[in-house]
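The values are calculated or read from the model by the stated rules, or taken from the named source; none is laboratory data. These numbers were taken from a predicted model, which means no experiment stands behind them. Cβ: placed from backbone, ideal geometry, glycine included. Neighbour counts: every protein chain shown. Just so you know, the surface numbers come from the protein's heavy atoms only, side chains and all, with ligands and any DNA or RNA stripped out. Shrake-Rupley method; radii C 1.70, N 1.55, O 1.52, S 1.80 Å.
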Amino acid sequence: MSEKMTPMRIAVAGGTGVVGRHVVEVATERGHEVVLLARSVGVDLTTGVGLEERLAGVDAVVDVTSVPTQDRAASEAFFGGVTRRLLAAERAAEVGHHVALSIVGIDDVPSGYYAGKRLQERVLAEGEQPWSVLRATQFHEFAEQVLHFVRLGPVSVVPRMTSQPVAAREVGQALVDLVEAGPSGRVPDLAGPEVLTMHRLARRVSRARGLGRLVVAVPVPGAAGRGMRDGSLTLRDGGVAGTTTFDDWLRA
(Lines give C-alpha, C1' and ligand atoms only; values in the text may rest on other atoms or scores of the structure.)
Protein backbone atom coordinates (compact mmCIF):
# COMPACT_ATOMS: atom_id res chain seq x y z
CA MET A 1 0.00 0.00 0.00
CA SER A 2 1.36 3.42 -0.89
CA GLU A 3 2.07 5.87 1.91
CA LYS A 4 -0.80 8.08 0.74
CA MET A 5 -3.41 5.31 0.51
CA THR A 6 -6.03 5.18 3.23
CA PRO A 7 -6.32 1.72 4.81
CA MET A 8 -9.39 -0.15 3.63
CA ARG A 9 -11.75 -2.68 5.11
CA ILE A 10 -11.56 -5.75 2.86
CA ALA A 11 -13.85 -8.76 3.10
CA VAL A 12 -12.44 -12.06 1.83
CA ALA A 13 -14.73 -14.91 0.78
CA GLY A 14 -12.70 -18.12 0.83
CA GLY A 15 -10.12 -16.50 3.09
CA THR A 16 -8.95 -19.78 4.62
CA GLY A 17 -8.13 -21.47 1.30
CA VAL A 18 -4.90 -21.82 -0.67
CA VAL A 19 -5.05 -18.30 -2.13
CA GLY A 20 -7.39 -16.75 0.40
CA ARG A 21 -4.94 -17.03 3.26
CA HIS A 22 -2.37 -15.14 1.17
CA VAL A 23 -4.92 -12.43 0.38
CA VAL A 24 -5.51 -12.07 4.11
CA GLU A 25 -1.77 -12.00 4.87
CA VAL A 26 -0.90 -9.48 2.15
CA ALA A 27 -3.80 -7.17 2.95
CA THR A 28 -2.92 -7.23 6.65
CA GLU A 29 0.75 -6.58 5.93
CA ARG A 30 -0.26 -3.51 3.91
CA GLY A 31 -2.25 -2.08 6.78
CA HIS A 32 -5.76 -2.99 5.65
CA GLU A 33 -8.44 -4.43 7.92
CA VAL A 34 -9.60 -7.90 6.86
CA VAL A 35 -13.08 -9.33 7.39
CA LEU A 36 -13.48 -13.07 6.82
CA LEU A 37 -16.65 -14.32 5.15
CA ALA A 38 -16.85 -17.88 6.44
CA ARG A 39 -19.09 -20.25 8.36
CA SER A 40 -16.74 -19.94 11.33
CA VAL A 41 -17.94 -16.35 11.79
CA GLY A 42 -21.59 -17.02 11.04
CA VAL A 43 -21.63 -16.45 7.28
CA ASP A 44 -23.04 -19.03 4.85
CA LEU A 45 -22.27 -17.98 1.27
CA THR A 46 -24.54 -20.66 -0.15
CA THR A 47 -27.61 -19.19 1.58
CA GLY A 48 -26.56 -15.61 2.32
CA VAL A 49 -27.12 -16.00 6.07
CA GLY A 50 -25.07 -13.43 8.01
CA LEU A 51 -23.57 -11.90 4.90
CA GLU A 52 -25.05 -8.42 4.80
CA GLU A 53 -24.28 -7.73 8.46
CA ARG A 54 -20.69 -8.85 7.97
CA LEU A 55 -20.23 -6.38 5.09
CA ALA A 56 -21.02 -3.30 7.15
CA GLY A 57 -18.34 -0.68 6.50
CA VAL A 58 -16.50 -2.87 3.95
CA ASP A 59 -14.85 -1.11 0.99
CA ALA A 60 -14.19 -4.14 -1.22
CA VAL A 61 -14.91 -7.87 -1.39
CA VAL A 62 -12.39 -10.41 -2.71
CA ASP A 63 -13.98 -13.69 -3.81
CA VAL A 64 -11.60 -16.66 -3.92
CA THR A 65 -14.18 -19.33 -3.11
CA SER A 66 -14.11 -22.76 -4.74
CA VAL A 67 -16.11 -25.97 -4.77
CA PRO A 68 -14.79 -29.55 -5.19
CA THR A 69 -16.80 -30.70 -8.20
CA GLN A 70 -16.48 -31.36 -11.90
CA ASP A 71 -20.25 -31.49 -12.37
CA ARG A 72 -21.42 -28.57 -14.51
CA ALA A 73 -24.76 -28.08 -12.76
CA ALA A 74 -23.17 -28.16 -9.31
CA SER A 75 -20.41 -25.76 -10.33
CA GLU A 76 -22.81 -23.29 -11.92
CA ALA A 77 -25.16 -23.49 -8.94
CA PHE A 78 -22.29 -22.72 -6.56
CA PHE A 79 -20.46 -19.96 -8.44
CA GLY A 80 -23.59 -18.37 -9.85
CA GLY A 81 -25.40 -18.50 -6.51
CA VAL A 82 -22.50 -17.28 -4.38
CA THR A 83 -21.70 -14.44 -6.77
CA ARG A 84 -25.31 -13.24 -6.94
CA ARG A 85 -25.67 -13.35 -3.14
CA LEU A 86 -22.41 -11.47 -2.65
CA LEU A 87 -23.39 -8.79 -5.16
CA ALA A 88 -26.83 -8.32 -3.61
CA ALA A 89 -25.36 -8.01 -0.13
CA GLU A 90 -22.67 -5.65 -1.39
CA ARG A 91 -25.26 -3.34 -2.93
CA ALA A 92 -27.25 -3.33 0.30
CA ALA A 93 -24.11 -2.56 2.33
CA GLU A 94 -22.84 -0.02 -0.24
CA VAL A 95 -19.61 -1.89 -0.90
CA GLY A 96 -17.85 -0.22 -3.82
CA HIS A 97 -15.80 -2.98 -5.45
CA HIS A 98 -16.00 -6.73 -6.09
CA VAL A 99 -12.77 -8.57 -6.98
CA ALA A 100 -12.95 -12.16 -8.24
CA LEU A 101 -10.31 -14.77 -9.01
CA SER A 102 -10.90 -16.83 -12.15
CA ILE A 103 -8.86 -19.30 -14.20
CA VAL A 104 -6.76 -18.98 -17.35
CA GLY A 105 -8.14 -20.96 -20.29
CA ILE A 106 -11.72 -21.52 -19.12
CA ASP A 107 -13.11 -20.40 -22.49
CA ASP A 108 -11.19 -23.12 -24.33
CA VAL A 109 -11.56 -26.17 -22.06
CA PRO A 110 -15.12 -27.56 -21.69
CA SER A 111 -14.84 -28.65 -18.06
CA GLY A 112 -17.85 -28.73 -15.73
CA TYR A 113 -15.94 -26.76 -13.10
CA TYR A 114 -14.91 -24.14 -15.65
CA ALA A 115 -18.56 -23.71 -16.70
CA GLY A 116 -19.22 -22.39 -13.21
CA LYS A 117 -16.29 -19.97 -13.46
CA ARG A 118 -17.55 -18.70 -16.83
CA LEU A 119 -20.96 -18.09 -15.29
CA GLN A 120 -19.34 -16.26 -12.39
CA GLU A 121 -17.64 -13.89 -14.82
CA ARG A 122 -20.86 -13.33 -16.78
CA VAL A 123 -22.82 -12.48 -13.63
CA LEU A 124 -20.23 -9.85 -12.76
CA ALA A 125 -20.05 -8.40 -16.28
CA GLU A 126 -23.84 -8.17 -16.56
CA GLY A 127 -24.38 -6.71 -13.09
CA GLU A 128 -24.22 -3.16 -11.80
CA GLN A 129 -21.59 -3.65 -9.11
CA PRO A 130 -18.11 -2.27 -9.99
CA TRP A 131 -15.81 -5.25 -10.47
CA SER A 132 -12.40 -6.63 -11.32
CA VAL A 133 -11.48 -10.15 -12.47
CA LEU A 134 -8.04 -11.73 -12.45
CA ARG A 135 -7.55 -15.03 -14.25
CA ALA A 136 -4.63 -17.09 -12.97
CA THR A 137 -3.18 -20.48 -13.86
CA GLN A 138 -3.10 -23.46 -11.48
CA PHE A 139 -1.16 -22.90 -8.28
CA HIS A 140 2.01 -24.80 -7.38
CA GLU A 141 -0.03 -26.56 -4.68
CA PHE A 142 -2.17 -28.21 -7.36
CA ALA A 143 0.66 -30.67 -8.08
CA GLU A 144 0.22 -32.11 -4.59
CA GLN A 145 -3.57 -32.01 -4.72
CA VAL A 146 -3.72 -34.16 -7.86
CA LEU A 147 -1.93 -36.96 -6.01
CA HIS A 148 -5.14 -37.46 -4.03
CA PHE A 149 -7.73 -37.20 -6.81
CA VAL A 150 -7.65 -40.88 -7.88
CA ARG A 151 -5.77 -43.24 -5.56
CA LEU A 152 -5.45 -46.99 -6.09
CA GLY A 153 -3.29 -48.25 -3.26
CA PRO A 154 0.15 -46.66 -3.74
CA VAL A 155 -0.80 -45.45 -7.24
CA SER A 156 -1.98 -41.90 -7.95
CA VAL A 157 -3.66 -41.49 -11.33
CA VAL A 158 -2.87 -37.98 -12.58
CA PRO A 159 -4.24 -36.35 -15.74
CA ARG A 160 -1.85 -35.47 -18.53
CA MET A 161 -1.86 -31.71 -18.37
CA THR A 162 0.31 -28.86 -19.60
CA SER A 163 0.43 -26.20 -16.92
CA GLN A 164 2.16 -22.93 -16.07
CA PRO A 165 1.88 -23.05 -12.29
CA VAL A 166 1.95 -19.83 -10.31
CA ALA A 167 2.73 -19.08 -6.68
CA ALA A 168 -0.43 -18.62 -4.61
CA ARG A 169 1.36 -15.82 -2.76
CA GLU A 170 1.81 -13.90 -6.03
CA VAL A 171 -1.87 -14.37 -6.85
CA GLY A 172 -2.78 -13.04 -3.42
CA GLN A 173 -0.57 -10.01 -3.97
CA ALA A 174 -2.14 -9.35 -7.37
CA LEU A 175 -5.65 -9.51 -5.91
CA VAL A 176 -4.79 -7.00 -3.18
CA ASP A 177 -3.20 -4.80 -5.86
CA LEU A 178 -6.56 -4.86 -7.66
CA VAL A 179 -8.41 -3.87 -4.51
CA GLU A 180 -6.10 -0.90 -4.12
CA ALA A 181 -6.36 0.06 -7.80
CA GLY A 182 -10.16 0.15 -7.82
CA PRO A 183 -12.61 -1.41 -10.31
CA SER A 184 -10.64 -2.45 -13.41
CA GLY A 185 -12.78 -5.03 -15.26
CA ARG A 186 -10.87 -8.03 -16.52
CA VAL A 187 -7.15 -7.45 -16.10
CA PRO A 188 -4.22 -9.26 -17.79
CA ASP A 189 -3.92 -12.94 -16.89
CA LEU A 190 -1.34 -14.12 -14.36
CA ALA A 191 0.78 -17.27 -14.71
CA GLY A 192 4.00 -18.73 -13.39
CA PRO A 193 7.39 -18.40 -15.10
CA GLU A 194 7.56 -21.98 -16.49
CA VAL A 195 5.44 -24.27 -18.68
CA LEU A 196 5.56 -27.76 -17.17
CA THR A 197 3.68 -31.08 -17.20
CA MET A 198 1.53 -31.85 -14.18
CA HIS A 199 2.37 -35.55 -13.76
CA ARG A 200 6.09 -34.76 -13.60
CA LEU A 201 5.41 -32.06 -10.99
CA ALA A 202 3.34 -34.53 -8.99
CA ARG A 203 6.24 -37.00 -9.00
CA ARG A 204 8.61 -34.29 -7.76
CA VAL A 205 6.22 -33.41 -4.94
CA SER A 206 5.88 -37.06 -3.94
CA ARG A 207 9.65 -37.47 -3.77
CA ALA A 208 10.24 -34.19 -1.95
CA ARG A 209 7.51 -34.87 0.62
CA GLY A 210 8.39 -38.54 1.03
CA LEU A 211 4.84 -39.55 0.08
CA GLY A 212 5.87 -42.69 -1.81
CA ARG A 213 3.22 -42.27 -4.49
CA LEU A 214 3.58 -44.04 -7.84
CA VAL A 215 2.28 -41.49 -10.35
CA VAL A 216 0.60 -42.79 -13.51
CA ALA A 217 -0.23 -40.16 -16.14
CA VAL A 218 -3.50 -40.75 -17.98
CA PRO A 219 -4.96 -38.60 -20.80
CA VAL A 220 -8.44 -37.32 -20.01
CA PRO A 221 -10.72 -38.20 -22.95
CA GLY A 222 -12.64 -35.75 -25.09
CA ALA A 223 -12.30 -32.04 -25.75
CA ALA A 224 -11.61 -31.21 -22.11
CA GLY A 225 -8.66 -33.59 -22.06
CA ARG A 226 -7.26 -32.18 -25.30
CA GLY A 227 -7.47 -28.69 -23.87
CA MET A 228 -5.63 -29.79 -20.76
CA ARG A 229 -2.82 -31.25 -22.88
CA ASP A 230 -2.49 -28.69 -25.67
CA GLY A 231 -1.51 -25.67 -23.59
CA SER A 232 -4.95 -24.04 -23.41
CA LEU A 233 -4.44 -23.60 -19.66
CA THR A 234 -1.20 -21.66 -20.09
CA LEU A 235 -0.60 -17.98 -20.73
CA ARG A 236 -1.52 -16.79 -24.23
CA ASP A 237 -1.74 -13.42 -25.95
CA GLY A 238 0.04 -11.39 -23.35
CA GLY A 239 -0.53 -11.52 -19.64
CA VAL A 240 1.88 -11.41 -16.74
CA ALA A 241 4.34 -14.09 -15.63
CA GLY A 242 5.26 -14.37 -11.97
CA THR A 243 8.77 -14.95 -10.67
CA THR A 244 8.46 -17.88 -8.24
CA THR A 245 9.46 -21.14 -9.91
CA PHE A 246 8.15 -24.55 -8.94
CA ASP A 247 11.56 -25.40 -7.45
CA ASP A 248 11.41 -22.21 -5.37
CA TRP A 249 8.05 -23.26 -3.99
CA LEU A 250 9.11 -26.85 -3.39
CA ARG A 251 12.20 -25.76 -1.45
CA ALA A 252 10.15 -23.37 0.67
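Under the classification rounded if a/c is under 1.5, otherwise prolate if a/b is larger than b/c and oblate if not, where does region 154-228 fall, given a ≥ b ≥ c as square roots of the Cα gyration tensor eigenvalues? Oblate, since a/c reaches 1.5 and b/c is not below a/b.
In the chain, taking the dipole from charged Cβ atoms about the Cα centre, the farthest positive-side position among F79, W131, F246 is held by F246. About its Cα centre, region 65-182 has a charge dipole of approximately 380 debye under the convention of +1 per Lys or Arg Cβ and -1 per Asp or Glu Cβ, with nothing else charged.
Apply the a/c threshold of 1.5 to the C-alpha gyration tensor of region 186-250 and tell me whether it is rounded, prolate or oblate. Oblate, because a/c is 1.5 or more while a/b does not exceed b/c.
Helical content of the chain, expressed as a calculated mean residue ellipticity at 222 nm, amounts to -11500 deg cm²/dmol (DSSP H runs of 4 or more residues, -39,500 (n - 2.57) each, divided by residue number, nearest 500).
Rounded, prolate or oblate: which fits region 120-252, taking a ≥ b ≥ c as square roots of the Cα gyration tensor eigenvalues, rounded meaning a/c under 1.5, else prolate when a/b beats b/c? It comes out prolate by the Cα gyration axes. Here the dipole of the chain is about 1140 debye; that uses its Cα centre as origin and unit charges on the Cβ of Lys and Arg (positive) and Asp and Glu (negative). Could you work out what % of the accessible surface of the chain is carbon and sulfur, using a 1.4 angstrom probe and leaving DNA, RNA and ligands out of the count? Ligands and nucleic acids excluded, carbon and sulfur give 52 percent.
Between D247 and V218, the contour length at 0.36 nm per residue exceeds the alpha carbon distance by 8.0 nm.
For the pair region 1-64 / region 204-250, the C-alpha centres are spaced 29 Å from each other. Rolling a 1.4 Å probe over the protein heavy atoms gives region 3-161 an accessible area of 44 Å² per residue.
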